[in-house]
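Engineer: Structure provided below as C-alpha cells; questions to follow.
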Amino acid sequence: MGTDKQVSPQTTIRVRDLQMRYGEKDVLKSVNFEAKRGEVVVLLGPNGAGKSTTIEILEGFRMRSAGEVEILGQDPAHGNEQWRARIGVVLQSWRDHSRWRVRELLDHLGKYYEPYSTAERKRPLDTDTLIGLVGLQEQSNQMLASLSGGQRRRMDVAIGLIGNPELLFLDEPTVGFDPKARRDFHDVIHGLSDLEDTTILLTTHDLDEAEKLGDRIIILAGGTIVADGSADQLAREASSKAEVRWTQGRKRHVHPTSDATAYVRKLLADNPTGISELEVRHASLEDTYMTIVQQHELPQPTPQQTKGGKS
Amino acid sequence: MNPTLRAARLGLSRGWIEFKQSLRNSQDISWNIGVAVIILAVLWWQRGSEVNGVSLALLTLPSLLGMGIANGGFVGAAGTLSYDREDGTLLRAKAVPQGMVGYLFSRLVTITLTTLMSFIIILPAVFFIDGLTIDGFGVVTLIWIFFLGLLATAPWGAIVGSLVKNSTSGWGLTFMPMVALVAISGIFYPITALAGWIQFIAQLFPVYWLGLGARSIFLPDSAAANELGGSWQLPIVALVLTAWAIVGTIIALRVMKRMARRESGSNVEKRRQEVMQRGY
C-alpha cells in the first residue's frame, strides 16, 4: 500500500482562510498558516483563542465552517484510513484502557498500522524502542491505572507515535503538570526530533513552553493568527521599540525609541562624560506576547461561557 | 489481508483480552458474585411453590436465561458504549486506522462473553432444581435464540449509548425500562396471571419472547399448556426477534455513525470535567 501523492512533499500542513462559527460566535475568523516537513510548530494563544478547535479540525475530528485545509495532501474532513495511518494524535487520557498494560496496549494498537507500512517508513515503530523513547521501561508491564499523571501522559505520546506518523498533533500536552513532569515531558518531545521527518504541531497557552519546544511559534488570538515566526524573530519584530536607560548625575533616565543604536550614539556624543549605567532593553518575547494578546482581546466583549467547553 | 478484515480480527482479540481483564478485576468479580447470590436465593426460595404442577423455580430458571440475553444486549451495549464515549476509549479507536471496525468487533465479543458469563454464574441452580431437560433440538434452539436475542437487543442499547450525555444515564435509561419489562414479561411469575392489556404490551417487546423461547428449550412439552395460547410459538419468537434486530441495526448504524463523527478531544475533556464535578 503506497503513500498518497502529495502536491508538495515539503508542505505537511496548509491552512487557508479557515473559519469556524458556533451559532453566532466566530471562534476562528480567518486562520492561515503552513508547516513544512520536520518542523515543530507551536500554536500559542490564550485560553479560548480557538487552539483546540483549530487542531481538532486539522486532526479530522471536527468539521470546519469554511476555508481550505490540507494535511499531508488531503482534506481532513474526508481523510480515509490510509491518511489516518500517517497521522498521530496525542489524546489526553483519563481512565480509558486502565486495565491494559503499557507494552500490551502499544503492541495491540501497533498492529492496526502494519498494513500501512512502506519501504521508507516502517509501521508500527518497535514497541520497546518507543517505550525507551518516552522513558517507560520500568513501567512497561504495569497497568495504565497504576501510572502517575506524568507517566500516563508519556504513554499518550507513545500511543500517538506507535504508527510512526509523518505528522503528530498534541493539544495542551502539559496542562496540569508540576514543573518536574513538565520538564520530563519537554525532554521527551526534544527526543522526538531524532525520529525521521516527523512534523509536530502542538498547542499551548504557556509561552515558556512554546519557546522551549517550537522551531516556530504561531500566535492565535481573537480568531486569527497575529504572529508567526521563530521565538527570536517574534521578539525582534516586536522589539522594534526598545528602552534606553541611563543615569546622569543622580538622575535615572528612561527613553523609549525605535532606533536604539542611533539614540545611544547621539546620547554619548552629546555627553562625553557623566553617563553611567547605560542599558538598552528590547522587549522580551513575553512582553510581545502580552501586548499582542491584550490588543486582540480587549476590543471583544467578554466571551460568555459556552456549552462547548474550551474551544 | 484486507485492512478492514484485519481490523475486525484485531477487534476480536481486543474483546478477548478485555474479557480476560474483567475476569481478573475484583470489582467485576464481586458484581458477578453479588448478582449470582441474589438470583440463586430467589430460585431457592421459589423451589417450593408450584404452578399447575410445575415448580416455580423450574419456570424461572429458563426465563432468567431469556432475560439475561435481553439484559446483556440492551443494558450491556448502552452501558459499554456510553462509558467508552465518556472516557475516550472510542476517540482512541477513531484516531487509529480502521480502529472503529476493531472497536465494534471487540464490543461484539465482550457483550457476548459477558452475557454468557451471567449464565455461568447461576449454573449452581441446576443442582437444586429438578426437571430441567434439553435435547438436540433444544441445543439448536438455544444457539439461535442466544444470538438472535443479542442482535435484537444490543443495537437498541447502542442507540441509547450513542445519544446519552454520560455513562450514568446510559445505565439508568436502559436498566429501569428493563426492570419494568421483566416485571410484565413473565420472567419471575407466569404472564397468564397478568391483565390482558399488560400481556399485550409485554408481547410487543423481546423480553417476553426470549423468556418463552428459553422455557421451550428446558421445560417438558407438557409445560407449554401454561403459556399464552398453550404452545411455545417458536416461529413467532423468531419473527419478533428478527424484526427488532433488523430495525434496530438499521437505526443503530446511522446513529452510531453520526455519534462517532462528533467525538473529539474537547468533548471527552468536557465529560471528564463533568464527571469530576459530580464525583462519580
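The values are calculated or read from the model by the stated rules, or taken from the named source; none is laboratory data. Computed from a prediction, not measured in an experiment: that's the story for all the values here. As a convention, Cβ positions derive from the backbone with ideal geometry for all residues, glycine included, and neighbour counts pool all protein chains shown.
Engineer: B:Arg258 versus (1) more than 14 Å from chain A (Cβ to nearest Cβ); (2) loosely packed, with under 12 Cβ neighbours inside 10 Å: which is the lone unmet condition?
Structural biologist: If we test B:Arg258 against (1) more than 14 Å from chain A (Cβ to nearest Cβ); (2) loosely packed, with under 12 Cβ neighbours inside 10 Å, just (1) comes out false.
Engineer: Shifting gears a bit: Does B:Val164 satisfy the condition of being under 18 Å from the mean Cα position of the chain (by Cα) and surrounded by 19 or more Cβ atoms within 10 Å (Cβ to Cβ)?
Structural biologist: no
Engineer: Sticking with this structure for a sec: Looking only at segment A:155-183, count how many residues are among the aliphatic types (A, V, I, L, M) and either more than 15 Å from the chain's Cα centre (by Cα) or assigned to a helix (DSSP H, G or I) (or both).
Structural biologist: Residues that pass the stated criteria total 7.
Engineer: Further question: Looking at A:Gly110, A:Gly79, A:Gly48, which one is on the phi > 0 side of the Ramachandran plot and either away from every other protein chain (no Cβ under 14 Å) or not hydroxyl-bearing (Ser, Thr, Tyr) (or both)?
Structural biologist: Going through A:Gly110, A:Gly79, A:Gly48 in turn, just one is on the phi > 0 side of the Ramachandran plot and either away from every other protein chain (no Cβ under 14 Å) or not hydroxyl-bearing (Ser, Thr, Tyr) (or both): A:Gly48.
Engineer: Identify, from the list B:Trp197, B:Trp232, B:Trp244, the residue that is among the aromatic types (Phe, Trp, Tyr), away from every other protein chain (no Cβ under 14 Å) and surrounded by fewer than 17 Cβ atoms within 10 Å (Cβ to Cβ).
Structural biologist: It is B:Trp197.
Engineer: So A:Glu56 passes all but one of these: (1) under 25 Å from A:Thr129 (Cβ atoms); (2) outside any strand (DSSP E or B). Which condition number does it fail?
Structural biologist: The single condition A:Glu56 does not satisfy is (1).
Engineer: Can you spot a residue in segment B:142-160 that is at pLDDT below 95 and small (Gly, Ala, Ser)?
Structural biologist: Checked against the condition, which is being at pLDDT below 95 and small (Gly, Ala, Ser), segment B:142-160 yields no hits at all.
Engineer: Check B:Leu210, B:Leu204, B:Leu239 and return the single one that is aliphatic (A, V, I, L, M), part of a loop (DSSP other than H, G, I, E, B) and modelled with pLDDT of 85 or more.
Structural biologist: None of the others qualify; the one that does is B:Leu204.
Engineer: Can you find a residue that is within 19 Å of the chain's Cα centre (by Cα), within 14 Å of chain B (Cβ to nearest Cβ) and at pLDDT 90 or above anywhere in segment A:12-24?
Structural biologist: no
Engineer: Need a quick list: helices (runs of 4 or more DSSP H) entirely within segment A:220-297 having at least 2 residues that are over 21 Å from the mean Cα position of the chain (by Cα).
Structural biologist: Helices (runs of 4 or more DSSP H) meeting the threshold: A:260-270.
Engineer: Does A:Gly67 fit the bill of being modelled with pLDDT of 95 or more and on the phi > 0 side of the Ramachandran plot?
Structural biologist: The answer is yes for A:Gly67.
Engineer: Any residue at all in segment B:257-278 that is among the polar types (S, T, N, Q), in contact with a strand residue (DSSP E or B) (Cβ under 7 Å, 6 or more places away or on another chain) and at pLDDT below 90?
Structural biologist: Looking through segment B:257-278, none of the residues is among the polar types (S, T, N, Q), in contact with a strand residue (DSSP E or B) (Cβ under 7 Å, 6 or more places away or on another chain) and at pLDDT below 90.
Engineer: Hey, can you tell me all the residues within segment B:95-106 that are buried (at least 23 other Cβ atoms within 10 Å of the Cβ) and either away from chain A (no Cβ under 12 Å) or free of Cβ contacts under 8 Å to residues at least 12 places away in the same chain (or both)?
Structural biologist: Across segment B:95-106, the qualifying residues are B:Ala95, B:Val96.
Engineer: Of everything in segment A:86-107, what is facing chain B (nearest Cβ under 7 Å) and small (Gly, Ala, Ser)? Give them in sequence order.
Structural biologist: Answer for segment A:86-107, where residues must be facing chain B (nearest Cβ under 7 Å) and small (Gly, Ala, Ser): just A:Ser93.
Engineer: Still on this structure, I have one more. Does A:Ala77 satisfy being among the small types (Gly, Ala, Ser), crowded, with 22+ Cβ neighbours inside 10 Å and either in a strand (DSSP E or B) or free of Cβ contacts under 8 Å to residues at least 40 places away in the same chain (or both)?
Structural biologist: Criteria not met by A:Ala77.
Engineer: Right, here's the next one. Which residue, of A:Thr11, A:Thr54, is crowded, with 24+ Cβ neighbours inside 10 Å and of a type in the set (S, T, N, Q)?
Structural biologist: A:Thr54
Engineer: Looking at this structure, is A:Asp197 surrounded by fewer than 19 Cβ atoms within 10 Å (Cβ to Cβ) and closer than 13 Å to A:Gly38 by Cα?
Structural biologist: Answer is yes for this residue.
Engineer: Right, here's the next one. Among all residue pairs at least 6 apart or on different chains, which show Cβ distances below 6 Å where the first residue, located in segment B:159-188, is assigned to a helix (DSSP H, G or I) and the second is modelled with pLDDT under 95 and of a type in the set (D, E, K, R)?
Structural biologist: As it stands, the answer is B:Ser167/B:Glu86, since those pairs meet every condition given.
Engineer: Only one of these is in the same structural domain as A:Val41 (by TED's automatic domain parsing), charged (D, E, K, R), under 26 Å from B:Asp84 (Cα atoms) and surrounded by 19 or more Cβ atoms within 10 Å (Cβ to Cβ): A:Arg153, A:Arg182. Name it.
Structural biologist: After ruling out the rest, the residue left standing is A:Arg153.
Engineer: Looking at A:Glu120, is it over 23 Å from B:Trp16 (Cα atoms), facing chain B (nearest Cβ under 8 Å) and surrounded by fewer than 20 Cβ atoms within 10 Å (Cβ to Cβ)?
Structural biologist: No; evaluated as a whole, the condition is false for this residue.
Engineer: Suppose the filter is at pLDDT below 95, more than 7 Å from chain B (Cβ to nearest Cβ), crowded, with 21+ Cβ neighbours inside 10 Å and farther than 30 Å from A:Asn32 by Cα; does A:Val134 pass it?
Structural biologist: Against the criterion (at pLDDT below 95, more than 7 Å from chain B (Cβ to nearest Cβ), crowded, with 21+ Cβ neighbours inside 10 Å and farther than 30 Å from A:Asn32 by Cα), A:Val134 qualifies.
Engineer: Another question about this same structure. Kindly indicate whether any position in segment A:17-24 is outside any strand (DSSP E or B), touching a Gly at 6+ places or on another chain (Cβ under 9 Å), of a type in the set (Asp, Glu) and farther than 19 Å from A:Ile292 by Cα.
Structural biologist: no
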